[in-house]
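Visitor: My questions all concern the structure below.
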Amino acid sequence: MSEERKPGEPANEISRRAFLAALTTSAVTATAAALSPLKDVVDLPTLEEFLRLHYKELTPEDKKAILERIAAQVEKDYGVRPNVTDPPPIPGVEFGYALNIGRCIGCRKCVYACAKENNQSRNPQIQYIRVLQMRKGSIDVESAKTDYEGEVPKDGFYYMPVQCHQCRKAPCVKACPVQATWQEPDGIVVIDYNWCIGCRYCMAACPYGARRFNFEKPEIPKDELNPEMGYLSNRPRPKGVVEKCHFCLHRTRKGKYPACVEVCPTGSRKFGNLLDPDSEIANIIKTKRVYVLKEEVGTLPRFYYYFNL
Amino acid sequence: MTLDRDEGSKRIPLAAAGAAVACLLALAVVFTKDLIGKGPGRDDIPKLSPEYADPSTVRKVRTEMTFDGAPCQACHEGAEPLQGNPHEKGIFHEHIELKHGRNQHCFNCHHRMQPADFSNFDGSPIKLDNIQLLCAKCHGTIYRDWGLGIHGRRSGFWDTAKGPLKTQVCIACHNPHWPIFKPLKAAPPPHINPRTRAKGGKTAGAENHGGLD
């Protein structure tokens with residue numbers, strides 16, 4: 001190696017300089033090839049999106065412009081002109097949810113009504129509600145099955161659907177490093193999909209496994225898109241953000257029931273205003289045996305399970 | 001070994017140099033042609049069937065009392081209570097399966113004199129429009145819960161100031177002759193990990209850890 005080469009040496013060697021030049025050129029080629037998928041990135045934020053303020057700092061004009069921008073984007077992507085709104089919380093209303101696990105038969109209709117209402121990705125599949133099948137006699141969530149099939153209810157089992165519990169002390173809100181998720185005055189924990197950085201800390205913090213991540217761009221058939229959209233709820237999500245149940249706030253803040261409540265064939269799902277003493281949810285809490293899931297973690301959910309007794 | 005400042009004069013075996021460059025160029029080809037791809041393809045998930053999200057009730061509520069299209073009065077003139085063994089009078093209501101607790105007799109619920117109506121405790125008729133009052137005769141606590149919105153289905157508007165609230169009567173979900181809620185076929189289970197085709201053995205929470213199988 002250290003020997004000086006003399007002119008006229010064998011031709012099967014090249015100079016180190018020439019070798020380095022060739023090596024650098026081919027390394028640059030390989031790197032460029034490896035990075036070539038970047039040229040397909042189409043959802044880079046526009047300057048307006050990049051410079052916008054946090055949701056809570058937006059003026060009504062800002063909000064209007066953003067809603068208009070989203071509507072235009074949806075129309076471009078799906079060929080449907082959506083009605084994108086941002087209904088505010090109703091004063092004097094705190095939403096609560098109750099689910100009768102003595103009546104739920106585990107048919108999963110709520111899961112699919114929710115997916116349809118909230119424009120959830122069909123493939124990869126995103127579902128806010130997970131129905132757990134458990135043996136009667138205890139609440140053993142760890143051994144619960146989610147992949148049962150066929151006729152339900154099965155002998156010896158009961159069913160407990162789990163979705164976002166809209167906790168009063170929500171660990172996900174505390175975990176978010178950029179305040180992309182927060183609790184609204186009516187109790188709904190919302191996510192601004194344009195503010196979420198996709199770090200998934202909230203998913204790790206949630207004791208109920210209620211949050212879902214868009215690992216890929218959501219795929220929704222054009223003919224199944226629900227055009228009634230809310231900014232904080234069911235507008236199409238970009239890739240790389242977290243989403244979850246929001247009590248169908250684009251419906252419930254306009255006075256309607258959530259989609260899962262309306263579809264439940266057994267009437268196990270109950271929804272209402274906790275602050276109204278005559279609402280069904282207030283009556284359930286007054287007269288039924290109610291429990292909350294994982295009470296010991298201190299999240300104080302607004303989602304209650306109850307029995308027939 | 002001596003340190004040689006004139007590096008340009010150092011020689012590299014052509015075979016080694018060629019191999020290194022060829023490796024990098026091969027990598028470039030692999031990347032541009034996407035030979036490795038993006039991992040296993042996605043599962044084929046069947047299209048969402050509209051029936052999964054259909055909010056209609058499991059039964060249709062009849063609006064008038066008829067049998068095979070004929071009104072009850074066509075056979076039961078209603079002037080006199082029926083006498084004798086009904087099975088001797090021909091085959092009419094045999095397809096009705098009566099599995100409603102201890103109720104063995106039509107006239108536990110149906111009115112003897114007015115066959116299109118139902119019978120209250122004192123023999124007064126209950127119309128089909130108020131069918132919940134008939135059920136309330138035995139199921140008082142459920143009737144109370146139903147009135148409070150705890151039992152049964154509700155749809156429309158929870159905030160009745162903004163729109164109508166729609167409630168369902170007992171017989172929209174329960175067959176009065178066989179009232180226990182019938183089993184349904186469950187909608188498909190979730191595809192927890194879109195990149196695996198493995199089935200079975202998944203338990204709750206597996207989605208957070210890439211599946212247990």
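The values are calculated or read from the model by the stated rules, or taken from the named source; none is laboratory data. Remember, it's a predicted structure, so these values are computed and weren't measured experimentally. Don't worry about glycine lacking a Cβ; one is built from the backbone with ideal geometry, like all the others, and counts go over all protein chains shown.
Visitor: Which ones in the stretch B:156-182 are under 19 Å from residue A:99 (Cα atoms) and either facing chain A (nearest Cβ under 8 Å) or touching a residue at least 60 places away in the same chain (Cβ under 8 Å) (or both)?
Guide: B:156, B:157, B:158, B:168, B:173, B:181
Visitor: Might you check whether a residue that is assigned to a loop (DSSP other than H, G, I, E, B), under 30 Å from residue A:259 (Cβ atoms) and among the hydroxyl-bearing types (Ser, Thr, Tyr) occurs anywhere in the stretch B:124-138?
Guide: No, the stretch B:124-138 contains no residue that is assigned to a loop (DSSP other than H, G, I, E, B), under 30 Å from residue A:259 (Cβ atoms) and among the hydroxyl-bearing types (Ser, Thr, Tyr).
Visitor: Of the residues that sit in the stretch B:53-105 and are polar (S, T, N, Q) and more than 30 Å from residue A:115 (Cα to Cα), which one is surrounded by the most Cβ atoms within 10 Å (Cβ to Cβ)? Lay out the reasoning, then the answer.
Guide: Initial filter on the stretch B:53-105 (polar (S, T, N, Q)): B:56-57, B:63, B:66, B:73, B:83, B:85, B:103-104.
Of the ones still in play, those that are also more than 30 Å from residue A:115 (Cα to Cα) are B:63, B:66, B:73, B:83, B:85, B:103-104.
Values: B:63: 8, B:66: 12, B:73: 12, B:83: 7, B:85: 7, B:103: 15, B:104: 8.
Out of the qualifying residues, it is B:103.
Visitor: Residues of the stretch A:116-131 being of a type in the set (A, V, I, L, M) and at pLDDT below 95, which ones?
Guide: Listed by number, the list holds a single entry, A:126.
Visitor: Here's a follow-up. Of all residues in the stretch A:268-279 being at the interface with chain B (Cβ under 8 Å from one of its Cβ atoms) and surrounded by fewer than 24 Cβ atoms within 10 Å (Cβ to Cβ), which is farthest from the chain's Cα centre (by Cα)?
Guide: For the stretch A:268-279, the residue satisfying everything is A:279.
Visitor: So for the stretch B:94-112 (the condition being assigned to a loop (DSSP other than H, G, I, E, B), without any contact (Cβ under 8 Å) to a residue 40 or more places away in the chain, on the phi > 0 side of the Ramachandran plot and within 14 Å of chain A (Cβ to nearest Cβ)), does at least one residue qualify?
Guide: no
Visitor: In the stretch B:50-65, what residues are more than 20 Å from residue B:182 (Cβ to Cβ) and either touching a strand residue (DSSP E or B) at 6+ places or on another chain (Cβ under 6 Å) or part of a loop (DSSP other than H, G, I, E, B) (or both)?
Guide: B:63, B:64, B:65
Visitor: While we're on this one: Only one of B:50, B:13 is at pLDDT 80 or above and at the interface with chain A (Cβ under 8 Å from one of its Cβ atoms). Can you tell me which? Steps first, please.
Guide: On the way: B:50 fails: at the interface with chain A (Cβ under 8 Å from one of its Cβ atoms).
The conditions single out B:13.
Visitor: Hey, can you tell me all the residues within the stretch A:231-267 that are within 17 Å of the chain's Cα centre (by Cα), among the small types (Gly, Ala, Ser) and more than 16 Å from residue A:211 (Cα to Cα)?
Guide: Listed by number, the list holds a single entry, A:259.
Visitor: Helices (runs of 4 or more DSSP H) wholly in the stretch A:177-265 with at least 2 residues that are of a type in the set (A, V, I, L, M, F, W, C) - which ones?
Guide: Answer list for the stretch A:177-265: A:201-205, A:259-263.
Visitor: In addition: Looking at A:137, A:156, A:106, can you tell me which residue is closer than 24 Å to residue B:183 by Cα, over 20 Å from the mean Cα position of the chain (by Cα) and more than 14 Å from every other protein chain (Cβ to nearest Cβ)? Give the derivation first.
Guide: Numbers: A:156 fails: more than 14 Å from every other protein chain (Cβ to nearest Cβ); A:106 fails: more than 14 Å from every other protein chain (Cβ to nearest Cβ).
Of A:137, A:156, A:106, the one residue that is closer than 24 Å to residue B:183 by Cα, over 20 Å from the mean Cα position of the chain (by Cα) and more than 14 Å from every other protein chain (Cβ to nearest Cβ) is A:137.
Visitor: I'd like to verify a number: residues in the stretch B:124-155 that are within 14 Å of chain A (Cβ to nearest Cβ), surrounded by 14 or more Cβ atoms within 10 Å (Cβ to Cβ) and β-branched (Val, Ile, Thr), how many?
Guide: 2
Visitor: Any chance you could count how many residues in the stretch A:273-309 are touching a helix residue (DSSP H, G or I) at 6+ places or on another chain (Cβ under 6 Å) and in a strand (DSSP E or B)?
Guide: Here the count works out to 1.
Visitor: Out of A:93, A:41, I need the residue that is of a type in the set (Val, Ile, Thr) and farther than 30 Å from residue A:131 by Cα. Which one?
Guide: A:41
Visitor: So is residue B:121 in contact with a Pro (Cβ under 9 Å, 6 or more places away or on another chain) and either surrounded by 11 or more Cβ atoms within 10 Å (Cβ to Cβ) or modelled with pLDDT of 90 or more (or both) or not?
Guide: Values: in contact with a Pro (Cβ under 9 Å, 6 or more places away or on another chain): no; either surrounded by 11 or more Cβ atoms within 10 Å (Cβ to Cβ) or modelled with pLDDT of 90 or more (or both): yes.
Here the answer is no, as residue B:121 does not meet what is asked.
Visitor: Counting residues that are within 14 Å of another protein chain (Cβ to nearest Cβ) and at pLDDT 95 or above, which strands (runs of 3 or more DSSP E) fully inside the stretch A:1-103 reach at least 3?
Guide: Once the strands (runs of 3 or more DSSP E) in the stretch A:1-103 are filtered for at least 3 residues that are within 14 Å of another protein chain (Cβ to nearest Cβ) and at pLDDT 95 or above, what remains is A:95-100.
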